[in-house]
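See structure below.
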């Protein structure tokens, strides 16, 4: 369920940032599109998933400046303008979740890589994995602060 919710959030944020749609409109549009999609991960997208996707989107928007700052510091040598917009969208949501949600890092990174592989280019999964792995190390070394994690 959370994989599909993260995919929904990514699709909505992409439409919002690239297509200029209002965030709620983008979410409704993405939800409608995904309704006809064969469940990519074998999981249904239920109301709880939609609520989680909304929470990710609202959280990213509320903390966008900090998330983007941390992401810029993590992707040394890359400018956001140089990145695939799909990769950037996946990274923004995953970075938000790593910083502000009580989600364990390993499954979060795994899902972000799967989403990047599905929607991005040939090397998107590797790129996203590398960036999020670097962010994980920065968090472990105390360079970046997060909310306490569960478990």
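Bear in mind these aren't lab numbers, they're just calculated from the coordinates by the rules spelled out. If you're wondering where the values come from, they're calculated on a predicted model, not measured in any experiment. Ideal geometry is used to build each Cβ from the backbone, glycine not excepted, and the neighbour counts take in all protein chains shown.
For helix 124-140, report the angle its Cα long axis makes with the longest principal axis of the Cα atoms of the chain; keep it between 0 and 90° and round to the nearest 10°.
It works out to around 50 degrees.
Please determine, in degrees from 0 to 90 and to the nearest 10, the orientation of helix 85-100 with respect to the longest principal axis defined by the Cα atoms of the chain, where the helix direction is its Cα long axis.
Here the helix axis deviates by roughly 70 degrees.
Output the 0 to 90 degree angle, nearest 10, between the alpha-carbon long axis of helix 105-119 and the longest principal axis computed from the alpha carbons of the chain.
60 degrees
Go through 107-114, 76-83, 15-22 and give me the packing order, highest mean Cβ count within 10 Å leading. Let's see the in-between values first.
On the way: 107-114: 18.9, 76-83: 10.2, 15-22: 14.5.
By packing density, highest mean first, the sequence is 107-114, 15-22, 76-83.
For the ranges 23-32, 50-59, what's the packing order if you count other beta-carbon atoms within 10 Å of each residue, average per peptide, and put the highest first?
50-59, 23-32
Between (1) 0.94; (2) 1.11; (3) 0.98, which entry matches Rg/Rh (Cα atoms, Kirkwood Rh) as derived from the coordinates of this structure?
(1)
Extending each Cα 7 Å along its Cβ direction at residue 129 and residue 64, get the distance between those two points in nm, one decimal.
Calculated label separation equals 3.1 nm.
Mind checking which of 12, 116, 106 has the largest fluctuation in a GNM of the chain, springs on alpha carbons under 10 Å?
Evaluated over the chain, the most mobile residue of the options is 106.
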